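Take a look at the structure set out below.
The values are calculated or read from the model by the stated rules, or taken from the named source; none is laboratory data. Every value quoted in this text rests on a predicted model; they were computed, and no experiment measured them. Heads up, the Cβs are rebuilt from the backbone with ideal geometry, glycines too, and the neighbour counts pull from every protein chain shown. Ligands, DNA and RNA are excluded from the accessible area calculation, which covers all protein heavy atoms including side chains. Shrake-Rupley method; radii C 1.70, N 1.55, O 1.52, S 1.80 Å.
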Amino acid sequence: MGAMDEELDLREALLAEAEVCLDHGDPEGALQSAEEALRVDGEAQAVVEAHHLRALALRELGRIEEALQAVETALARDPGYAEAALTRGDLLIFDLGELERGLEVCNTFLREELEDTLYSDFLNLKGNALAELGDFPAALGCLRRAAELSPEREDLATRGWVLFELGRLEEAVAALQLACQPGLPQNAANHFYLAVARSRLGDERAAASHLRIAARLEPDLYQQPCPHPPELLLQVLEEVIATLPALLQRRLPGAVRRLVEWPDLQHLGQGRERLSPLALLQLWDGRDLPTPAPDDDGDEPDEAAPLPPAEEAEGDQEIRELRLFTRNLSLICPDRESLAEELQLALWGEFNRLLDLREADFVSTSLH
């Protein structure tokens, strides 16, 4: 056997070894094999694969920036290497939170001719990015298309979360129940969203069970509900309002303070007016959007319900009601300190939603 054949056999063996190490939870071994393969002279595609395997190993080791550099090296050598592009998209979206850049990766390769499973992976990835950006109807479209192409690759967890955010609670429960089946990897967030959806649908016993599981899996993030006395909620609310700039405080004196169990489902999933089912409060200015009717097949409508004309909305910006959602506050805020912190964040978020005013605007322009 010639020297070239020996190098070929060695390189292939090292690449295979790296893959086996990754499959068996040994990223250190995979990294070592991939780097050794790079030291063996070889054809261009083998070098690309070695860089990609090195990126996968580095990601498993938590060395995210190095992983991104490695996968970008692979793509620089072979821009059409879809598997490496998918890894790059994963890194950008899930590890680095660079959602727009991750979407660019997805959109580029979704224009290519790919096998169904790989095309589905890009659709699922795009759906996750769109969901993180708050475009839940578009995210649901991507996830549904991915499941149609490759049912075995359906992203049930993200689909359940998206349906939850859109207020389609029965469908969310159906998806999340499948994602939480025994024998599958258990995720605390899946059980938490399933608990809230179950509770809103009146199944408190199942809700309590899933909430206990979420708390066991992630005790720092989830806990048993901590109901707060109404007088405490209102007291903390007024203390938080007193910290707002005067321009915002002037919009609130006439607003009726109301304690409500949950956000109204008619306010969910509607563009600028959208509330999350986990919203802590809502500023209501008297303008309710019509609830868009779903298409016959259950899809979201192509366009959100229209907002009133800007000039009409401009004159009606006094807040009429400030609604506190007591069940969500009991789920998310275990003590007085967290109540104050979360209510302050929620108030700023609501002023941004209604008036397009951000805290940074006040810092930069001194509008107090």
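Brief remarks follow.
- Annotation note: Cβ proximity below 7 Å between a residue of the stretch 270-281 that is over 15 Å from Arg168 (Cβ atoms) and at pLDDT below 50 and a residue that is outside any strand (DSSP E or B) and not charged (D, E, K, R) (sequence gap 6+ or interchain) occurs for Gly271/Ala304; Arg272/Leu307.
- Test: residue in the stretch 34-48 that is modelled with pLDDT of 95 or more and among the basic types (Lys, Arg): no
- Ala147 without any contact (Cβ under 8 Å) to a residue 40 or more places away in the chain and over 30 Å from Ala50 (Cβ atoms): yes
- Residue match in the stretch 241-255 (condition: in contact (Cβ under 8 Å) with a residue 12 or more places away in the chain, open to solvent by 60 Å² or more (accessible area, probe 1.4 Å) and not in a loop (DSSP other than H, G, I, E, B)): no
- Filtering the stretch 24-34 to residues that are open to solvent by 60 Å² or more (accessible area, probe 1.4 Å) and over 11 Å from Glu60 (Cβ atoms) leaves His24, Gln32.
- All conditions in (1) surrounded by fewer than 16 Cβ atoms within 10 Å (Cβ to Cβ); (2) in a helix (DSSP H, G or I); (3) touching a residue at least 12 places away in the same chain (Cβ under 8 Å) hold for Ala67, with the sole exception of (1).
- Residue list for the stretch 36-57, restricted to those being part of a helix (DSSP H, G or I) and open to solvent by 60 Å² or more (accessible area, probe 1.4 Å): Glu36, Ala44, Gln45, Glu49
- Among residues of the stretch 71-107, those that are under 12 Å from Asn128 (Cα atoms) and either open to solvent by less than 40 Å² (accessible area, probe 1.4 Å) or in a helix (DSSP H, G or I) (or both), counted: 10
- Test for Glu35: is it within 27 Å of the chain's Cα centre (by Cα) and not β-branched (Val, Ile, Thr): no
- From Asn328, Asn352, residue being of a type outside the set (Asp, Glu), at pLDDT 95 or above and not in a strand (DSSP E or B): Asn328
- Filter result (polar (S, T, N, Q), open to solvent by less than 30 Å² (accessible area, probe 1.4 Å) and over 22 Å from Ala131 (Cα atoms)) within the stretch 188-216: Ser199
- Within the stretch 169-187, considering residues that are touching a residue at least 24 places away in the same chain (Cβ under 8 Å) and part of a loop (DSSP other than H, G, I, E, B), the one surrounded by the fewest Cβ atoms within 10 Å (Cβ to Cβ): Gln186
- In the stretch 224-238, the residues that are farther than 16 Å from Leu280 by Cβ and open to solvent by less than 70 Å² (accessible area, probe 1.4 Å): Pro229
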